[in-house]
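J.: The structure is given below, and queries will be raised subsequently.
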Amino acid sequence: MSELSKKSVLVVDDNQANIDVLKGILSAHHTVKVATSGRLALKAVYSGSLPDLILLDVMMPEMDGYEVCRLLKADDRTHHIPIIFVTARSDAKDEAYGFSIGAADYIVKPVSAPVVLARVKTHLALYDRSRHLEGLVQERTADLLAKSRELEETRLEITRCLGRAAEYRDNETGTHVIRLSFYVRLLACKSGLTDVEADRMMAASIMHDVGKIGIPDSILLKPAKLTPEEFEIIKRHARIGADIIGEHRSELLRLSRLTALTHHEKWNGKGYPNGLAGEAIPLAGRLTAIADVFDALTSERPYKKAWSLDEALATILKEGGEALDPRLATLFVEMRSEVERIMQTFRDENG
């Protein structure tokens, strides 16, 4: 057996004679390191490559074997190393305590060479198998995480594609949905959501108007004021959007469906399609409603001029408690500089 293929065993005992016995038994089969105290044992463990197994005396001055074991098992770097207590104490209570703090086995002094070799071989084999299984689990976990990320990225790209498709059917520009999504993320963070939650709200908001795909062009693109009958047809886009997205286990798609369905609900209960009021309206719908109203006010359309930032923010504040969530409306107005930065970054080409 080459030196490189030999497993490393650390022998810890305050009695040199005991060390010599164990070293004599093991050295033909393993690379043996020694330490004559608990503190020197810890130094030996951390000063170089980690040992594959530790034979540890229990009764030592200053720091006994139990304390060494507790310290090693409490450290993520060393908790996996098998520790075999080698001791003259054969009381069942002592063994039970040793196992409770993480020992892999007990060998009673005076030691028998065949017993030492057999126990060491067994626990090294178990250690190797454990590391192999841990490696397989890590590889499988990494593979699953990669597939999960790929799937989530695919879902996100689907939401973007559907969001862009809705914009092509409308008289709004493609940058509307981009600005709106950034407003939603900004407001979500300001309202107390985590970055991950805000990112999800942002992605879901992209599909808020996907239901407009199902609205006839004669109504959707009409430059004049809609009749009451035509407006009733326009209102259907919320439910159509929810139906297009459908029911899914994906958190992003569930949130996208909820956003499409509820972004025209109003705080005072006079919105559509379900007449929800106050906090009965899902947060995704309330966030998107503010962003949607603000962007509509500040964007130029064939039938209207763009409002100034001051006029639009004043309207958002005024609608707080009426059409919009008053707390979120106030937070949005307080972020004037960040809102303006998004406006300028994603301006319409004709703006």
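J.: Does the stretch 124-137 include one or more residues that are surrounded by fewer than 10 Cβ atoms within 10 Å (Cβ to Cβ), at pLDDT 75 or above, closer than 30 Å to ILE54 by Cβ and over 31 Å from the mean Cα position of the chain (by Cα)? Give the steps one after another, and end with the answer.
T.: Here is the first cut: in the stretch 124-137, the residues surrounded by fewer than 10 Cβ atoms within 10 Å (Cβ to Cβ) are none.
So far as the stretch 124-137 goes, no, none of its residues is surrounded by fewer than 10 Cβ atoms within 10 Å (Cβ to Cβ), at pLDDT 75 or above, closer than 30 Å to ILE54 by Cβ and over 31 Å from the mean Cα position of the chain (by Cα).
J.: May I ask you to say which residue of ARG257, ARG301, ARG286 is under 18 Å from SER205 (Cα atoms), in the same structural domain as PRO223 (by TED's automatic domain parsing) and either at pLDDT below 95 or in contact with a Phe, Trp or Tyr (Cβ under 6 Å, 6 or more places away or on another chain) (or both)? Explain how you work it out, then say what you get.
T.: Values: ARG301 fails: under 18 Å from SER205 (Cα atoms); ARG286 fails: either at pLDDT below 95 or in contact with a Phe, Trp or Tyr (Cβ under 6 Å, 6 or more places away or on another chain) (or both).
After ruling out the rest, the residue left standing is ARG257.
J.: Assuming GLU319 fulfils every condition listed in (1) acidic (Asp, Glu); (2) more than 21 Å from GLY271 (Cβ to Cβ); (3) modelled with pLDDT of 95 or more apart from one, which condition is it?
T.: All conditions pass for GLU319, except number (2).
J.: Where in the stretch 24-136 are there strands (runs of 3 or more DSSP E), lying wholly inside it, with at least 1 residues that are under 18 Å from LYS6 (Cβ atoms)?
T.: On the way: elements: 31-35, 53-57, 83-87, 105-108.
Counting at least 1 such residues, we get 31-35, 53-57, 83-87.
J.: Determine if the stretch 31-50 includes at least one residue that is crowded, with 20+ Cβ neighbours inside 10 Å, farther than 22 Å from GLU134 by Cα and more than 42 Å from the chain's Cα centre (by Cα).
T.: Among the residues of the stretch 31-50, at least one is crowded, with 20+ Cβ neighbours inside 10 Å, farther than 22 Å from GLU134 by Cα and more than 42 Å from the chain's Cα centre (by Cα), which makes the answer yes.
J.: Here is a follow-up. Can you confirm whether ILE244 is surrounded by fewer than 22 Cβ atoms within 10 Å (Cβ to Cβ) and without any contact (Cβ under 8 Å) to a residue 60 or more places away in the chain? Walk me through how you get there before you give the answer.
T.: Values: surrounded by fewer than 22 Cβ atoms within 10 Å (Cβ to Cβ): yes; without any contact (Cβ under 8 Å) to a residue 60 or more places away in the chain: no.
It is false that ILE244 is surrounded by fewer than 22 Cβ atoms within 10 Å (Cβ to Cβ) and without any contact (Cβ under 8 Å) to a residue 60 or more places away in the chain.
J.: Here's another thing I want to ask about it. Among the residues that make up the stretch 72-87, is at least one of them surrounded by 12 or more Cβ atoms within 10 Å (Cβ to Cβ), touching a Gly at 6+ places or on another chain (Cβ under 6 Å) and modelled with pLDDT of 85 or more?
T.: Yes - at least one qualifying residue is present in the stretch 72-87.
J.: If you don't mind, another one. Among GLY275, GLY269, GLY214, GLY246, which is in the same structural domain as LEU331 (by TED's automatic domain parsing) and in contact with a His (Cβ under 8 Å, 6 or more places away or on another chain)? First the steps, then the outcome.
T.: Details: GLY275 fails: in contact with a His (Cβ under 8 Å, 6 or more places away or on another chain); GLY269 fails: in contact with a His (Cβ under 8 Å, 6 or more places away or on another chain); GLY246 fails: in contact with a His (Cβ under 8 Å, 6 or more places away or on another chain).
After applying the criteria, what remains is GLY214.
J.: Also, quick follow-up: Please enumerate the residues belonging to the stretch 105-116 that are over 15 Å from VAL11 (Cβ atoms) and crowded, with 17+ Cβ neighbours inside 10 Å.
T.: TYR106
J.: Let me ask another. Looking at the stretch 190-220, which of its residues are under 24 Å from GLU338 (Cβ atoms) and either of a type in the set (Phe, Trp, Tyr) or assigned to a loop (DSSP other than H, G, I, E, B) (or both)? Full working, then the answer.
T.: Just the residues of the stretch 190-220 that are under 24 Å from GLU338 (Cβ atoms), to begin with: 190-209.
Those that are under 24 Å from GLU338 (Cβ atoms) and either of a type in the set (Phe, Trp, Tyr) or assigned to a loop (DSSP other than H, G, I, E, B) (or both): SER191, GLY192, LEU193, THR194, ILE206, MET207, HIS208, ASP209.
The values are calculated or read from the model by the stated rules, or taken from the named source; none is laboratory data. Being a predicted model, the structure only gives us computed values, none of them experimental. All Cβ positions, even for glycine, are placed from backbone atoms using ideal geometry, and neighbour counts span all protein chains on display.
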